[in-house]
Amino acid sequence: MIKLTPHHIFLIDGLGALFTAAGIGIIAKWLNSYFNLPLPVLYTLGSIALLFSAYSLTSHWLAKNRWKLFLKIICIANLSYCILSCVIALVYLKELSWWAVAYFFAEAVIVSTLVWAELQIVKKEFLELSFKR
């Protein structure tokens with residue numbers, strides 16, 4: 001049984017957003033020929049991910065008593081990012097490679113799952129995950 005607390009979820013969120021920003025940076029620099037997205041779009045998504053990472057990691061260290069407010073804010077931000085990513089994928093669908101479509105789909109699933117976990121923590125102050133063998 002794993003028990004996720006607000007402290008944990010901010011860390012997971014912050015590191016995940018940092019990973020996303022790094023991935024977008026790699027795509028923009030070396031792999032964009034496989035994705036076919038305009039560089040300004042990639043840079044915007046990467047910058048947003050960096051901003052969210054800074055927010056979540058700062059909240060991980062500083063949000064003690066008011067963590068619910070901070071977690072609600074990042075929930076809304078993550079959901080907005082997910083919607084923005086889906087809109088971008090739809091706008092550029094004809095130009096996107098299947099790699100890019102797969103990336104955006106995977107990102108939407110991961111971020112939506114994270115938002116679900118964050119909302120569960122806001123409701124109960126923790127989330128218990130159990131894995132059956």
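All conditions but one from (1) under 11 Å from the mean Cα position of the chain (by Cα); (2) under 19 Å from residue 6 (Cβ atoms) apply to residue 73; the one that does not is (1). Residues in segment 104-133 that are among the hydroxyl-bearing types (Ser, Thr, Tyr) and either assigned to a helix (DSSP H, G or I) or touching a helix residue (DSSP H, G or I) at 6+ places or on another chain (Cβ under 9 Å) (or both) were compared, and the one that is nearest to residue 5 (Cα to Cα) is 113.
Results for (1) farther than 14 Å from residue 12 by Cα; (2) at pLDDT below 95; (3) small (Gly, Ala, Ser), shown as yes or no for each residue.
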{"position": "55", "(1), (2), (3)": "no, no, no"}
{"position": "71", "(1), (2), (3)": "no, no, no"}
{"position": "80", "(1), (2), (3)": "yes, no, yes"}
{"position": "107", "(1), (2), (3)": "yes, no, no"}
{"position": "122", "(1), (2), (3)": "yes, yes, no"}
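Only one of these is surrounded by 15 or more Cβ atoms within 10 Å (Cβ to Cβ), out of contact with any strand residue (DSSP E or B) (no Cβ under 7 Å at 6 or more places or on another chain) and farther than 22 Å from residue 119 by Cβ: 25, 14. Name it.
25 is the lone residue from the list that is surrounded by 15 or more Cβ atoms within 10 Å (Cβ to Cβ), out of contact with any strand residue (DSSP E or B) (no Cβ under 7 Å at 6 or more places or on another chain) and farther than 22 Å from residue 119 by Cβ.
Scanning segment 33-50 for residues that are touching a residue at least 24 places away in the same chain (Cβ under 8 Å) and assigned to a strand (DSSP E or B) turns up nothing. Within the group 9, 76, 2, which residue is over 16 Å from residue 110 (Cβ atoms), touching an Asp or Glu at 6+ places or on another chain (Cβ under 8 Å) and either of a type in the set (A, V, I, L, M, F, W, C) or modelled with pLDDT of 95 or more (or both)? It is 2. If I ask for residues that are free of Cβ contacts under 8 Å to residues at least 40 places away in the same chain and not aliphatic (A, V, I, L, M), which ones from segment 1-22 would you list? Of everything in segment 1-22, those that are free of Cβ contacts under 8 Å to residues at least 40 places away in the same chain and not aliphatic (A, V, I, L, M) turn out to be 8, 19. Taking the conditions (1) without any contact (Cβ under 8 Å) to a residue 40 or more places away in the chain; (2) of a type in the set (A, V, I, L, M); (3) over 16 Å from residue 42 (Cα atoms) in turn, residue 121 satisfies each one other than (1).
Tell me whether segment 87-95 contains one or more residues that are surrounded by 14 or more Cβ atoms within 10 Å (Cβ to Cβ) and without any contact (Cβ under 8 Å) to a residue 40 or more places away in the chain.
yes
The values are calculated or read from the model by the stated rules, or taken from the named source; none is laboratory data. This one's a predicted model, so the numbers in the text were calculated from it and none came from an experiment. Positions of Cβ are backbone-derived with ideal geometry, glycine not excepted, and every protein chain shown enters the neighbour counts.
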